[in-house]
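The block underneath contains the structure these notes are about, expressed in structure tokens.
The values are calculated or read from the model by the stated rules, or taken from the named source; none is laboratory data. Small disclaimer: the values here were computed from a predicted structure and weren't measured. Cβ: placed from backbone, ideal geometry, glycine included. Neighbour counts: every protein chain shown.
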Amino acid sequence: MDKFAINLPDKRLNKRYHDLVKGHVHQATSAATGTAVPASVKDSFAVTQATWRFLNNDRVTPLALVEPLRHFARQQVAGAKYTLAVIDWCKLDYKKHTAKKDTVQVSHKQDIGYELATHLLVNAESGSPIAPIEMHLKTANGILSTAEIAPSAEDHHLGQVLPMMQNAASMNLPTTLVTVIDREADSVFHLRQWSAEGFLFLIRGKKRKVRWHGKLMKYSTIAARLDAESA
């Protein structure tokens, strides 16, 4: 249980947290989308209600809840030369769930729910997920975040990336992080910004031209020249 350690201001909250976690240990694989109901519990609603009561306490902050995951991630990446840090955004669709009052319009009028941004560490050799180290949930009331300083609801997706990289760097993990983002991050301005900060990243880009050494060149031409120079 030590890898799930969490420090909350109330001893009763700490005990409730440990009871909840203990009930779910070994109930699902590391890649499962959610936890299973503990075998000792007959009524699944009782588990849901207990979890809701715990999470509905103002003293149980997202920052406190992510600490055990970060502690676990630190243990898992020890000894790894490189670790992938995947950043992605996804929509949680709740347009038919009328009981939720804090849903937000994600894109078009029928696109109702929440938007989740996740910074997930992944084993660079096996591709297995390790643990999320930062998450942001966009709601009608703003953004719920595990970061000390939550991003603004008005921030573009790519505006969230540099703070995520900086927060990950501040963890001083015993590995070298390589940030991985899909084609949405194919922005020369942001690539140069991240490079200037000294971060390593892998972005899926289009075959576009950019200005490099005073000339317009395709990505493929630049890559070939860098390979030739062993740069």
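Would you say SER107 is in a loop (DSSP other than H, G, I, E, B) and polar (S, T, N, Q)? Write out each step before concluding.
Working: in a loop (DSSP other than H, G, I, E, B): yes; polar (S, T, N, Q): yes.
Taking the combined requirement at face value, the residue satisfies it.
Does the stretch 205-231 hold any residues that are in a helix (DSSP H, G or I) and modelled with pLDDT under 90, and which are they? Steps first, answer last, please.
Let us first name the residues in the stretch 205-231 that are in a helix (DSSP H, G or I), namely 219-228.
Scanning the stretch 205-231 gives TYR219, SER220, ALA223.
Would you mind stating whether GLY127 is at positive phi and either assigned to a strand (DSSP E or B) or among the charged types (D, E, K, R) (or both)? It would help to see each step written out before you state the result.
On the way: at positive phi: yes; either assigned to a strand (DSSP E or B) or among the charged types (D, E, K, R) (or both): no.
In short, no.
Run HIS136 past the list (1) of a type outside the set (S, T, N, Q); (2) loosely packed, with under 14 Cβ neighbours inside 10 Å; (3) outside any helix (DSSP H, G or I) and report the number of the one that doesn't hold.
It fails just one condition, (2).
Hey, among ALA231, ALA185, ALA224, which residue is surrounded by 15 or more Cβ atoms within 10 Å (Cβ to Cβ) and out of contact with any Asp or Glu (no Cβ under 8 Å at 6 or more places or on another chain)? Explain how you work it out, then say what you get.
Details: ALA231 fails: surrounded by 15 or more Cβ atoms within 10 Å (Cβ to Cβ); ALA224 fails: surrounded by 15 or more Cβ atoms within 10 Å (Cβ to Cβ).
Every option except ALA185 fails the conditions.
Could you grab me the full set of residues in the stretch 106-161 that are over 17 Å from PRO68 (Cβ atoms) and among the β-branched types (Val, Ile, Thr)?
VAL106, ILE112, VAL122, THR139, ILE143, ILE149, VAL161
Out of (1) surrounded by 16 or more Cβ atoms within 10 Å (Cβ to Cβ); (2) closer than 30 Å to LYS91 by Cα, what's the single condition that is false for THR175?
(2)
So, restricting to helices (runs of 4 or more DSSP H) that lie completely within the stretch 1-104, which ones have at least 1 residues that are farther than 22 Å from THR118 by Cα and modelled with pLDDT under 65?
On the way: elements: 11-24, 44-55, 62-77.
Ranges flagged: 11-24.
Scan the stretch 172-212 residue by residue and report those that are of a type in the set (S, T, N, Q) and touching a helix residue (DSSP H, G or I) at 6+ places or on another chain (Cβ under 7 Å). Walk me through it before giving the result.
Filtering the stretch 172-212 down to residues of a type in the set (S, T, N, Q) leaves 172, 175-176, 179, 187, 193, 195.
If the condition is that a residue be of a type in the set (S, T, N, Q) and touching a helix residue (DSSP H, G or I) at 6+ places or on another chain (Cβ under 7 Å), then THR175, THR179, SER187, GLN193 are the ones that fit.
It is to be established whether one or more residues within the stretch 148-159 are outside any helix (DSSP H, G or I), in contact (Cβ under 8 Å) with a residue 60 or more places away in the chain and among the hydrophobic types (A, V, I, L, M, F, W, C).
The answer is no, given that none of the residues of the stretch 148-159 is outside any helix (DSSP H, G or I), in contact (Cβ under 8 Å) with a residue 60 or more places away in the chain and among the hydrophobic types (A, V, I, L, M, F, W, C).
Find all pairs meeting these conditions: Cβ atoms under 6 angstrom apart; at least six residues apart or on different chains; first residue within the stretch 74-88 and in the same structural domain as LEU177 (by TED's automatic domain parsing) and among the polar types (S, T, N, Q); second residue assigned to a helix (DSSP H, G or I) and crowded, with 17+ Cβ neighbours inside 10 Å.
THR83/VAL77
Looking at LEU202, is it surrounded by fewer than 16 Cβ atoms within 10 Å (Cβ to Cβ) and assigned to a strand (DSSP E or B)? First the steps, then the outcome.
Numbers: surrounded by fewer than 16 Cβ atoms within 10 Å (Cβ to Cβ): yes; assigned to a strand (DSSP E or B): yes.
Against the criterion (surrounded by fewer than 16 Cβ atoms within 10 Å (Cβ to Cβ) and assigned to a strand (DSSP E or B)), LEU202 qualifies.
Just for the stretch 106-120: of the residues that are modelled with pLDDT of 85 or more and not β-branched (Val, Ile, Thr), which one is surrounded by the most Cβ atoms within 10 Å (Cβ to Cβ)?
Among them, the one singled out is HIS119.
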